[in-house]
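In what follows, a single structure is set out as structure tokens and then discussed.
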Amino acid sequence: MKKTAKDIIRLISEQDIKMVDFKIVDINGQFRHVTVPAANFTEDTMVSGIGFDASNYGYAVVEKSDMVYIPDLDTAVIDPFCEVKTLSMIGNAMVIDYPHNRPLAQYPRNIVAAARKYMQESGVADEMLILPEFEFYLFDSAGWTVGHDRIAAYIDAEQAHWNSYSEGTGNVVPLQKNYHIAKPLDPTYEVRSEMCMEIENAGIPVKYHHPEVGGAGQFEIEPLLGELEKMADGTMTVKYIIKNVARKHGLTATFMPKPVYGEAGSGMHVHMLLMKDGKPVFSDDNGYSHLSKEAHWFMGGLLKHISSLVAITDPSTNSFKRLVPGFEAPVTVGYATSNRSAVIRIPAYAKDPKERRFELRCPDATCNPYFAYAAILMAGIDGIKNQIDPHANGWGPYDMNLFELPEEEKKKLHHLPTSLEQALDALEADHGYLTEAGVFPEELIKNFIKLKRAECSEISRIPHPVEFERYFNM
């Protein structure tokens, strides 16, 4: 049963809530917030909303930027990181209109809701379940400067190999050897356990947490499969919790795809499956890897549109420093079972028909999760509608280590874009699958491309420290 304003007012009274925090999502997928005294939350809040300037969120031009925020009462949770007792809610952006406000079509939560509605109306499925894997680094310190006289960045982690002498404890992890490492070489175990407990307190069940490959403090927290829209909110919440628990313990957490040269990058692999009438759409005992033709067509849609899709799932220049051979990052456009070098991997351990699925391995957590999950669904629906067969298109299955193929065979493979600029070119040329039924407004795609091109241009003009190493004495 959905919560009402009366339920929230009652909760505020019973829990002695002092502040109500409204979290809003900007175009880049970051939380912003507005806080009001709890006494100011009334039933009228659900009608009049909280006013804000959408142009500062990347959504609208200045002369049309006045919007209101309407909280989603079902997302209400007490924020564990506020000293003053605070109730937090995520919500939706609305355009001020008369006699009734209307949803802002560009707003991320509205995009993912529109994608779900399109899926249901198309008859493809009733529900999409997803499971994002959260890979991140925990550093004891991190900082950077970009100025006229200095361009630099630094990081440090107690367990990193470069501290083998200076720390003097011997508790360091060799380069690329952190996977599932145990205490005493795992100094942040308790921190991650606390993260998981807070994530579960927020209503997101956790499967496990563990050290990942990167020896300089890389880790992973993985939830259970969840419904599309809830997991989009959940992705924002998980990142919020990880960063705040880290800060509480004097650490800093980063989801940056490639923060450490020579170490594994951090992705956000997205597992997915569809359900219809309570039955799994992707399961077939007689199909390749026990997947149905619909599952293969869905994969076909992802692989057909993958070059444009990565502009949304990997929208940072740093993303493409992770998508390189040699670090378990996918660079080959293809699918396979238990193969981490292909863009789509089918996990062999998912034997239950209701859990048979595949994962898209290229996304990372710099994405706006609402845009990313909606775009993934739209590409998959396009594959099902047009029966795009990945095998017939030469995209696999690649049941071998693609990094170890002979050079002549490697030349026959298709690869992901190697830069954000290339991905944006692909998105500009191929986004019709996103605008079906108005799910992604054309205006949003153009605005997104414009913002990201400006970002690429700015970063390309900044000298890089390695350029000093290569060219200073030429």
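The values are calculated or read from the model by the stated rules, or taken from the named source; none is laboratory data. As the structure is a computational prediction, the values presented were derived from the model and not from experiment. We place every Cβ from the backbone using ideal geometry, glycine too, and count neighbours over all the protein chains shown.
Scanning region 80-87 turns up one or more residues that are touching a Lys or Arg at 6+ places or on another chain (Cβ under 6 Å) and among the charged types (D, E, K, R). Of all residues in region 156-187, those that are surrounded by 12 or more Cβ atoms within 10 Å (Cβ to Cβ), small (Gly, Ala, Ser) and over 30 Å from residue 459 (Cα atoms) total 1. Within region 135-155, restricting attention to residues that are acidic (Asp, Glu) and either without any contact (Cβ under 8 Å) to a residue 24 or more places away in the chain or within 17 Å of residue 258 (Cβ to Cβ) (or both), the residue that is surrounded by the most Cβ atoms within 10 Å (Cβ to Cβ) is 135.
Kindly check whether there is at least one residue in region 269-288 that is assigned to a helix (DSSP H, G or I) and more than 30 Å from residue 81 (Cα to Cα).
Kept after step one, since they are assigned to a helix (DSSP H, G or I), are these residues of region 269-288: 288.
Narrowing the set further to residues that are more than 30 Å from residue 81 (Cα to Cα) leaves 288.
Scanning region 269-288 turns up at least one residue that is assigned to a helix (DSSP H, G or I) and more than 30 Å from residue 81 (Cα to Cα).
Inside region 331-364, can you point out the residues that are more than 14 Å from residue 397 (Cα to Cα) and either in the same structural domain as residue 235 (by TED's automatic domain parsing) or not charged (D, E, K, R) (or both)? If the condition is that a residue be more than 14 Å from residue 397 (Cα to Cα) and either in the same structural domain as residue 235 (by TED's automatic domain parsing) or not charged (D, E, K, R) (or both), then 331, 349, 350, 353, 360, 362, 363 are the ones that fit. If only residues of region 330-348 that are of a type in the set (S, T, N, Q) and in a loop (DSSP other than H, G, I, E, B) are counted, the one that is nearest to residue 264 (Cα to Cα) is 341. Pairs, please: C-beta under 7 Å, at least 6 apart or cross-chain, first residue within 18 Å of residue 18 (Cα to Cα) and in region 32-53, second exposed (fewer than 14 other Cβ atoms within 10 Å of the Cβ)? Once the first residue is within 18 Å of residue 18 (Cα to Cα) and sits in region 32-53, its partners that are exposed (fewer than 14 other Cβ atoms within 10 Å of the Cβ) give 50/34. Return yes or no: is residue 332 in contact with a strand residue (DSSP E or B) (Cβ under 7 Å, 6 or more places away or on another chain), under 21 Å from residue 258 (Cβ atoms) and of a type in the set (S, T, N, Q)? Yes, satisfied. Among the residues making up region 292-307, a single one is of a type in the set (D, E, K, R) and closer than 24 Å to residue 320 by Cβ: 304. The set of residues from region 437-462 being of a type in the set (A, V, I, L, M), more than 13 Å from residue 111 (Cβ to Cβ) and without any contact (Cβ under 8 Å) to a residue 60 or more places away in the chain comprises just one member, 454.
No other residue among 426, 374 is surrounded by fewer than 21 Cβ atoms within 10 Å (Cβ to Cβ), outside any loop (DSSP other than H, G, I, E, B) and in the same structural domain as residue 120 (by TED's automatic domain parsing) apart from 426. In region 289-298, of all residues being assigned to a helix (DSSP H, G or I) and not hydroxyl-bearing (Ser, Thr, Tyr), the one that is surrounded by the fewest Cβ atoms within 10 Å (Cβ to Cβ) corresponds to 293.
Within the set 341, 307, the sole residue that is over 25 Å from residue 220 (Cβ atoms), small (Gly, Ala, Ser) and touching a residue at least 24 places away in the same chain (Cβ under 8 Å) turns out to be 307. Tell me, yes or no, whether region 82-94 has at least one residue that is closer than 30 Å to residue 236 by Cβ, modelled with pLDDT of 90 or more, basic (Lys, Arg) and in the same structural domain as residue 298 (by TED's automatic domain parsing). No, because not a single residue in region 82-94 is closer than 30 Å to residue 236 by Cβ, modelled with pLDDT of 90 or more, basic (Lys, Arg) and in the same structural domain as residue 298 (by TED's automatic domain parsing). Among the residues of region 310-329, those that are part of a loop (DSSP other than H, G, I, E, B) and of a type in the set (S, T, N, Q) comprise 316, 317, 318.
Scan region 76-91 and tell me whether some residue there is of a type outside the set (A, V, I, L, M, F, W, C) and more than 27 Å from residue 27 (Cα to Cα). Yes: one or more hits. Quick check on residue 232: is it part of a helix (DSSP H, G or I) and surrounded by 23 or more Cβ atoms within 10 Å (Cβ to Cβ)? Yes: the conditions hold for residue 232. Restricting the first member to region 245-262 and to residues that are surrounded by fewer than 21 Cβ atoms within 10 Å (Cβ to Cβ), and the second to residues that are β-branched (Val, Ile, Thr), the beta-carbon pairs closer than 6 Å and six or more apart or on different chains are 249/191.
Give me a count of the residues in region 377-404 that are among the hydrophobic types (A, V, I, L, M, F, W, C), in contact with a Phe, Trp or Tyr (Cβ under 9 Å, 6 or more places away or on another chain) and part of a loop (DSSP other than H, G, I, E, B).
Looking only at region 377-404, we keep the residues that are among the hydrophobic types (A, V, I, L, M, F, W, C), and these are 377-379, 381, 384, 388, 392, 395, 400, 402-403.
Those still in the list that are in contact with a Phe, Trp or Tyr (Cβ under 9 Å, 6 or more places away or on another chain) too: 377-379, 381, 384, 388, 395.
Going one step further and asking which of them are part of a loop (DSSP other than H, G, I, E, B), we end up with 388, 395.
Looking only at that region, the number is 2.
Checking each residue in region 353-371 for being surrounded by fewer than 24 Cβ atoms within 10 Å (Cβ to Cβ) and not in a loop (DSSP other than H, G, I, E, B) picks out 353, 354, 355, 359. For region 454-469, the set of residues classified as out of contact with any strand residue (DSSP E or B) (no Cβ under 8 Å at 6 or more places or on another chain) and surrounded by 10 or more Cβ atoms within 10 Å (Cβ to Cβ) consists of 454, 455, 456, 457, 458, 459, 460, 467, 468, listed by residue number.
Consider region 177-223 and keep the residues that are aromatic (Phe, Trp, Tyr) and at pLDDT 95 or above. The one that is farthest from residue 138 (Cα to Cα) is 208. Looking at region 42-142, the strands (runs of 3 or more DSSP E) lying wholly inside it that each contain 2 or more residues that are within 21 Å of residue 2 (Cα to Cα) and not polar (S, T, N, Q) sit at 66-71, 86-95, 127-132.
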